[in-house]
Structure formats: structure tokens, C-alpha cells
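The values are calculated or read from the model by the stated rules, or taken from the named source; none is laboratory data. Just so you know, these numbers come straight off a predicted model, no measurement behind them. Cβ: placed from backbone, ideal geometry, glycine included. Neighbour counts: every protein chain shown.
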């Protein structure tokens, strides 16, 4: 490749370059003996994140600003990397989640004596992997991005090496993640054997017209691999243990960013999937995920495990939007709107737990929340907004998000699936509202400690709640800003 062409391609990847530089700057600062190195490392990382965000906004909305009828897509590295407004939107969402995680983790890593440089470096590396994954236009690049997401997340899950539960969660995540990656890679190999290339354009064309059994077998393995990453039933077994054992800020981070990245690639990759056997299989998987997640959520006393089963159910809800074969681009609006909502409502709920965590006490169980709504009204308000949105009660954005995916499934003709999903949703109200009942109607324990104030976590919760209120009050405006055409 000519030097001039390489430089031109690198310019298109400036958001990725900024993340790469930000991660290494933080590591270098951590090696110094400066007294204020934690504050400097955080400030530098947020600066790099902010610059990357500006470039991503330009990539996502440049066409809107120029009033162009078609969204601009630019390829790099011999069409192996595709920069589109849709991919840029996914990068913006995961980067926002990354920024919120960094702010929410500042006190957490200090009180638990975790190396800030390593912690932030792995978060940044995982974000870099998501950027590569979202822009991949070749299966090999896509797999590289997925592994770049996964390995830092395995490490972050088990980063509290002195805690048995964290190490166990990290090991389980590594084993199950490696297994799912192997299945995905086997699917890629079969697709390559059937199509003759790893470029995604050829995959799109084959999806529409090929009758090869090898291709269809590869498609099955691809769907199974994605199912593991999305915690869809029956590929969900790792989720509750990993969510419970991981540091709470990392649980918040991986629970939303992985879903956003993988679902947005799933939408793009399988947009042409119309074979009834595959679509009906996705309908069954979505419904079983909803039923299984909601029913197992009923018996949970650990809030992180409860939200893990909730995540399984929400993955099923989002998948319902994919059942409308005839209007899939329209359904994509609802699915992306759901993903954005899920990002803020799940992070808001988990950040309340982060705020309540101290050096000597982890806030993870329902009993830890007793009397919280009366003792700390503002935390109670954050949890109310998050729980109402997660449960899909009107007039929250969670209700609108569920409405959009249910509508898509109905348009696809899956009436029975929607009815059963609605019944399961009503049942899920019990375990969601159980959180609020404990917070407002049960007496706090006599040994309740005073909660030390944390500006970083308070700011993240304020941002999450503000985003949810905006999405609930102005959903039409939010939908109009999505770069999907």
C-alpha cells in the first residue's frame, strides 16, 4: 500500500487512533511517581475520549448537516473497513457508556486498590475493539474486533484478584467466550468456503440468493456465536455468574456496550435474512429469552443477578424487532432506540449500587437497599426512573422501546409471540417493582453507614437520568436524529 494511501486511510480512523493513544498515555502516566497521577490520567483519557466523540459526531451527522439525501459511507484499507453514519452512531453510544464507566469507577478503583492505569487501559482497549467491530467490512476484521473487545473484558471481570468470586467470573467468561468465538470462527470458515471471500458485501449477496448447504451451516454457527455474545437463550448460562462476580462498574459497562455493538452489527449483517426457517428460529429464541429471563428474575435476591436475567430478557425483546422482514429498515429504528434506552436505564440502576459500595461493604443484594428511598431521596429517584424504564411502564422510554419492537413483530405476523411476550412482561413487573418496595416500604438496618459523596458517580447518574427523561419526553425528536435511512 502506498504511503499516501496509508495516511489517507489512517485519517479516516482518527477516532480509533485517539482511543489507542489515550489508552497508552494512561498507562505511561500510571508508571510515574507523580502525586496527582490519577487525576492527570483521568483528565487525559477524558480529553482523548472527547476528541474522538467530536470526530464521531461529524461522521454520524455530517450528511444531515449538509442536507444530503443519502448518508455517506467511506471505505478504507481496500474496503475491509467501512465508516458509515450507522457505525458512527454505535461508536458514539459505546463511547458515552465508556465515559460514564470511567467517571463511575474513580472512587471504586481507589477504595478497592485496583491499578487505575491498567483498569482504564483495558476499558479503552475494549472500546477500540468495538469501534473496529462496528466498522468491519470483512469477516476477518470483524473477528479481530470481537476478540479485541473480549480479552480486555475477561481481564476486567477478574481484575479483583484477591476476591474469589471475581476470579471465578473471569475464568467462566474466558472459557465461554473462547467457546463462542470458536463457533463464530468456524461459521466464518464455512461461509468463506461457500462464498469464496470474507468481504461482507459478498455475504449480503449470498444471503439473498444462495442455496448452498455449506453457507447455511455457516450461518447457523454465526447465529449461535452472536447468541452467546448477546446472552440469548439457550446461550446465556455465563451471564448471571459473570455479572455478579465482575466489579459493578464493569458489569454496567459490558452489559450495555456488548449488546449495542453486537446488535448493531447483527442488524447490518443479517438485514437481508428472509428465509423463514431462520426468522422463525430467531422468534423462538427471542421468546424463550424473554420468558426464561423474566421467570428466573422473579427469585433473585442479588440485584446484579436480577439485572443479568433482565439482560437476557431484554436481548429477547430487541430481537423481536428483527422479525419484521418486509420493513426491516423501519424496525431498525426501534431496535436502535431500544439499545440506546437500555444503555442509560441499565447503567443508571447499576451506578446506584456503585454509589452505595464502600471499602468494607459491597451493595449487591436487595437487603442492602432497604430504606434507601427515604434515606437518600435522590438515589431513590434515579432507581425509580431506571426500574420503570427497564420494566416498560408508561410514560418511560422503556415503554416506547418495547412498543416499537412489539409493533415490528406484529407486522411480521408473529401475533402469538407478541402475546406471550406481553404476558411475560407483566410477570416481570414483580421483580422490578420488588426493588422499589424494598427501598421505600422496608425499614433500613440499624447498622446502615453514612454514604460518602462521590461527584463522579453522581454526575453519571444525572446524565443517565437526563438522557432517559429526554428519550421519554421527546422520542420523535430522538428518532429523527438516528442516522438510519
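Could you tell me which residue of the stretch 101-153 is farthest from residue 459 (Cα to Cα), considering only residues that are part of a helix (DSSP H, G or I) and touching a strand residue (DSSP E or B) at 6+ places or on another chain (Cβ under 7 Å)?
Of all residues in the stretch 101-153, those part of a helix (DSSP H, G or I) come to 101-111, 116-135, 139-153.
Then keep just the ones that are touching a strand residue (DSSP E or B) at 6+ places or on another chain (Cβ under 7 Å); that gives 135, 141-142, 145.
Details: 135: 30, 141: 36, 142: 34, 145: 30 Å.
Applying the filter and picking the extreme gives 141.
The rows are residues; the columns are (1) modelled with pLDDT of 90 or more; (2) over 22 Å from residue 345 (Cα atoms); (3) within 18 Å of the chain's Cα centre (by Cα).
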residue	(1), (2), (3)
83	no, yes, no
104	no, no, yes
108	no, no, no
112	no, yes, no
126	yes, no, yes
136	no, yes, yes
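Which of the residues that make up the stretch 363-400 are surrounded by fewer than 17 Cβ atoms within 10 Å (Cβ to Cβ) and without any contact (Cβ under 8 Å) to a residue 60 or more places away in the chain? Before the answer, list the steps.
Within the stretch 363-400, the subset surrounded by fewer than 17 Cβ atoms within 10 Å (Cβ to Cβ) is 367, 374-375, 377-378, 381, 393-395.
Correct list: 377, 378, 393, 394.
Which helices (runs of 4 or more DSSP H) sit wholly inside the stretch 215-324 and have at least 1 residues that are buried (at least 24 other Cβ atoms within 10 Å of the Cβ), under 15 Å from the mean Cα position of the chain (by Cα) and touching a residue at least 24 places away in the same chain (Cβ under 8 Å)? Outline the logic, then answer.
Working: elements: 239-245, 248-269, 276-297, 303-320.
Because the criterion is at least 1 residues that are buried (at least 24 other Cβ atoms within 10 Å of the Cβ), under 15 Å from the mean Cα position of the chain (by Cα) and touching a residue at least 24 places away in the same chain (Cβ under 8 Å), the helices (runs of 4 or more DSSP H) in the stretch 215-324 that meet it are 239-245, 248-269, 303-320.
Just to be sure before I move on: is residue 88 under 21 Å from the mean Cα position of the chain (by Cα), in a helix (DSSP H, G or I), modelled with pLDDT under 80 and within 19 Å of residue 264 (Cα to Cα) in the structure I sent?
Numbers: under 21 Å from the mean Cα position of the chain (by Cα): yes; in a helix (DSSP H, G or I): yes; modelled with pLDDT under 80: no; within 19 Å of residue 264 (Cα to Cα): yes.
When the stated conditions are applied, residue 88 does not pass them.
From the list 351, 337, exactly one residue is under 14 Å from the mean Cα position of the chain (by Cα) and either in contact (Cβ under 8 Å) with a residue 60 or more places away in the chain or not in a helix (DSSP H, G or I) (or both). Which is it? Steps first, answer last, please.
Working: 351 fails: under 14 Å from the mean Cα position of the chain (by Cα).
Answer to the check: 337.
Working carefully through the options 401, 464, 478, 421, find the one that is touching a helix residue (DSSP H, G or I) at 6+ places or on another chain (Cβ under 6 Å), in a helix (DSSP H, G or I) and at pLDDT below 85. Working first, answer last.
Numbers: 401 fails: at pLDDT below 85; 464 fails: at pLDDT below 85; 421 fails: at pLDDT below 85.
Answer to the check: 478.
Has the stretch 133-145 got any residue that is surrounded by fewer than 21 Cβ atoms within 10 Å (Cβ to Cβ), in contact with a helix residue (DSSP H, G or I) (Cβ under 7 Å, 6 or more places away or on another chain), touching a residue at least 60 places away in the same chain (Cβ under 8 Å) and over 20 Å from residue 357 (Cβ atoms)? Reasoning before the result, please.
Narrowing the stretch 133-145 to residues surrounded by fewer than 21 Cβ atoms within 10 Å (Cβ to Cβ): 140-141, 143-144.
Subsequent filtering for residues that are in contact with a helix residue (DSSP H, G or I) (Cβ under 7 Å, 6 or more places away or on another chain) retains 141, 143-144.
From the residues that got through so far, the ones that are touching a residue at least 60 places away in the same chain (Cβ under 8 Å) too are 141.
Filter once more, keeping what is over 20 Å from residue 357 (Cβ atoms): 141.
Yes, there is a match, as at least one residue in the stretch 133-145 is surrounded by fewer than 21 Cβ atoms within 10 Å (Cβ to Cβ), in contact with a helix residue (DSSP H, G or I) (Cβ under 7 Å, 6 or more places away or on another chain), touching a residue at least 60 places away in the same chain (Cβ under 8 Å) and over 20 Å from residue 357 (Cβ atoms).
Being in contact with a helix residue (DSSP H, G or I) (Cβ under 6 Å, 6 or more places away or on another chain) and in contact (Cβ under 8 Å) with a residue 24 or more places away in the chain is the filter; apply it to the stretch 186-202 and report the residue that is surrounded by the most Cβ atoms within 10 Å (Cβ to Cβ). Explain how you work it out, then say what you get.
Within the stretch 186-202, the first condition is being in contact with a helix residue (DSSP H, G or I) (Cβ under 6 Å, 6 or more places away or on another chain), and the residues that meet it are 186-188, 190-191, 193-195, 198, 202.
Next, only the ones that are in contact (Cβ under 8 Å) with a residue 24 or more places away in the chain stay: 186-188, 190-191, 193-194, 198.
Values: 186: 16, 187: 21, 188: 20, 190: 21, 191: 27, 193: 13, 194: 19, 198: 19.
Restricting to residues being in contact with a helix residue (DSSP H, G or I) (Cβ under 6 Å, 6 or more places away or on another chain) and in contact (Cβ under 8 Å) with a residue 24 or more places away in the chain, the top hit is 191.
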